[in-house]
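Read through the structure below, which is laid out as structure tokens, and then see the notes.
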Amino acid sequence: MKGIVFTELFDMVETHFGLEMVQNIIDDAQLPNHGAYTKVGTYDHKEIYRLVGALSQRTDTDANALIKAFGKHLLQTFVASYPALFENSSDSFSFLSGVHDYIHVEVRKIYPDADLPHFATIDHPDGSMDMVYTSSKKMYALAEGLIEATMEHYNEAFRLDKEFIEEDGSKVRFTISKK
């Protein structure tokens, strides 16, 4: 997992819980690198789970809820850092439809060794769309937060349903309906 994910997690934790909490979760997670991440480095994705688990324990908040909130935070970072990616889409569905074939291609230009999830989209006659998330990292809650934040970014009211295709969270179908 790219280091930018870790540095942005620390930014979110600092913003919402303070700098002391960042140090506390680093200490609690007992990371091999003691929390030293660079944005362009590549790290074991399991370290994110350890950090979020430590935050979950300290805040008595569900880990998946924290990961989902992090997804929302991450999208705001992407909007600020890479506005052109969002300006090329007129609405959320056009943006989300291009995640795998356009956005991830652009991400790989910046981070060639990025190990990204796969997203397949299916448009339905009723105007809804399915996004099928597939990843061995099982970070579907991050994808859920990113999807919700995308809908909010384009100021679109929506309903988001999720169905576990694989119970372990490695494959999840998100059905997005605009209201």
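Just so you know, all these numbers are worked out from the coordinates, no wet-lab data involved. This one's a predicted model, so the numbers in the text were calculated from it and none came from an experiment. Don't worry about glycine lacking a Cβ; one is built from the backbone with ideal geometry, like all the others, and counts go over all protein chains shown.
Below, the figures for the structure above:
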{"quantity": "Kirkwood-type radius of the chain, with distances r between different C-alpha atoms, in Å", "calculated": "16.9 Å"}
{"quantity": "Within the range 3-61: Cβ-based charge dipole about Cα centre, in debye rounded to nearest 20 (Lys, Arg +1; Asp, Glu -1)", "calculated": "160 debye"}
{"quantity": "In degrees, nearest ten, helix 140-153 long axis to first principal axis of the chain (Cα)", "calculated": "60 degrees"}
{"quantity": "Cα gyration tensor, the range 87-179 - rounded (a/c under 1.5), prolate or oblate", "calculated": "oblate"}
{"quantity": "Unit charges on C-beta of K, R, D, E only; dipole of the chain, Debye", "calculated": "180 debye"}
{"quantity": "For the range 3-61, Kirkwood radius (reciprocal of mean inverse C-alpha pair distance, Å)", "calculated": "11.3 Å"}
{"quantity": "Expected 222 nm ellipticity per residue - DSSP helices of 4 or more, -39500 (n - 2.57), all of the chain, to 500", "calculated": "-15500 deg cm²/dmol"}
{"quantity": "Burial order of peptide ranges 28-37, 150-159 (average beta-carbon count within 10 Å, highest first)", "calculated": "150-159, 28-37"}
